[in-house]
Amino acid sequence: MIINGYAYPSISPQILAWWLERITWVSSFSYGFNEKGDLINLADENIVEAAKRYNVRPMMVLAPLDENGAFNDNMAVAVFNDPAARDNLINNIEANIRNKGMGGVDFDFEYLSGEYAGAYVDLVRDTRLRLSPQGYLTTVALAPKTSASQQGVLYEGHDYGGMSEAADYCLIMTYEWGYTFGEPLPVSPIANVRKVVEYALSEIPANKILMGMNNYGYDWTLPFVKGESRAEKLGNYQAAARAEYYGVPVEFDEDAMAPFFRYTDTAGREHIVWFENERSWQERLALVDEFGLAGISIWNIMNIFYGGI
């Protein structure tokens, strides 16, 4: 089973080493680019060199990040509309992989308008045609869709069928149903994950799919107020430690297959926390076996989590 883990260069050497004993690829998040197709470099040499020592494939993640590190889809649109910039971007991806001794590129273009779905497929396909003969991989992270016609800016720019042909592997982001600005929900309820995987299998061969796994949870202060509430992101062990600190039991939702707990803070405010534990991870890993998927992709490996892998 392939196990990919996303990491920021700020990862501690100890945590990185722990994960490198357990994963197959490590993906550095994230390189950006400008409207001319020039890369915005990522100082990820610590990840790349450590990966080589553990015989793990280091991957560069490419996202439409600007000079300030902010997502800016105008960069992607500019490159799609300029053949010279597009070719320059592919050249720069190849050069970076060669110069740093990396193993490939993972495309992560999110919130892309549906009118550019075809151009995105073409970019991934042409990059793969350049890289594949040299032994490099081209992968793509895809939003968790349940149908080809799914509406919404998160989904419309991602063509599962097209990416199935264009990329070596498709990393399906099966998480974030519960998220920072959303209602208190499990991050990856298993019924939702299953629906996404079943749709993905209708468009993509099982041996090209890596199912997403979240290595984190969220703490919501109640009551939730739409447009105002903001959940706190927690590592899974941090969440479990918080339950212990407040002396409250961790419960398990049998429908979502996810752990949660409620507590009252020192200011008298009620909270609910949804996170992951070994049981919830095992339930999701069982889907990989059930459907014969290529493996999993973990967002992210900045914290240690045993999880049964």
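The values are calculated or read from the model by the stated rules, or taken from the named source; none is laboratory data. Treat the numbers as computed from the prediction; the structure is a model and nothing was measured. Note that we place each Cβ from the backbone using ideal geometry, even for glycine, and neighbour counts take in every protein chain shown.
Annotations for the structure displayed:
- Candidate set: region 104-140, residues that are out of contact with any Asp or Glu (no Cβ under 9 Å at 6 or more places or on another chain) and surrounded by fewer than 16 Cβ atoms within 10 Å (Cβ to Cβ); chosen: the one nearest to residue 5 (Cα to Cα): 135
- Residue in region 104-116 that is modelled with pLDDT under 95, polar (S, T, N, Q) and part of a loop (DSSP other than H, G, I, E, B) present: yes
- The requirement of being surrounded by fewer than 19 Cβ atoms within 10 Å (Cβ to Cβ), in contact with a strand residue (DSSP E or B) (Cβ under 8 Å, 6 or more places away or on another chain) and not in a strand (DSSP E or B) is not satisfied by residue 185.
- Within region 244-259, the set of residues being among the hydroxyl-bearing types (Ser, Thr, Tyr) and either under 11 Å from residue 273 (Cα atoms) or exposed (fewer than 10 other Cβ atoms within 10 Å of the Cβ) (or both) comprises 245 only.
- Among the residues of region 119-164, those that are in a loop (DSSP other than H, G, I, E, B), in contact (Cβ under 8 Å) with a residue 40 or more places away in the chain and within 16 Å of the chain's Cα centre (by Cα) comprise 144, 145, 154, 158.
- Which listed residue, of 46, 74, is in contact with a helix residue (DSSP H, G or I) (Cβ under 8 Å, 6 or more places away or on another chain), polar (S, T, N, Q) and either crowded, with 17+ Cβ neighbours inside 10 Å or not in a strand (DSSP E or B) (or both): 46
- Counting the residues of region 77-101 that are out of contact with any helix residue (DSSP H, G or I) (no Cβ under 9 Å at 6 or more places or on another chain), under 30 Å from residue 3 (Cβ atoms) and not small (Gly, Ala, Ser) gives 3.
- Scanning region 293-309 for residues that are touching a residue at least 60 places away in the same chain (Cβ under 8 Å) and either part of a strand (DSSP E or B) or farther than 23 Å from residue 59 by Cβ (or both) yields a count of 5.
- When residue 83 is tested against (1) in contact (Cβ under 8 Å) with a residue 12 or more places away in the chain; (2) out of contact with any Gly (no Cβ under 8 Å at 6 or more places or on another chain), exactly one condition is not met: (1).
- Within region 149-176, the set of residues being crowded, with 18+ Cβ neighbours inside 10 Å and within 24 Å of residue 218 (Cα to Cα) comprises 155, 171, 172, 173, 174, 175, 176.
- The residues of region 20-29 that are under 17 Å from the mean Cα position of the chain (by Cα) and within 14 Å of residue 46 (Cα to Cα), listed by number, are 26, 27, 28, 29.
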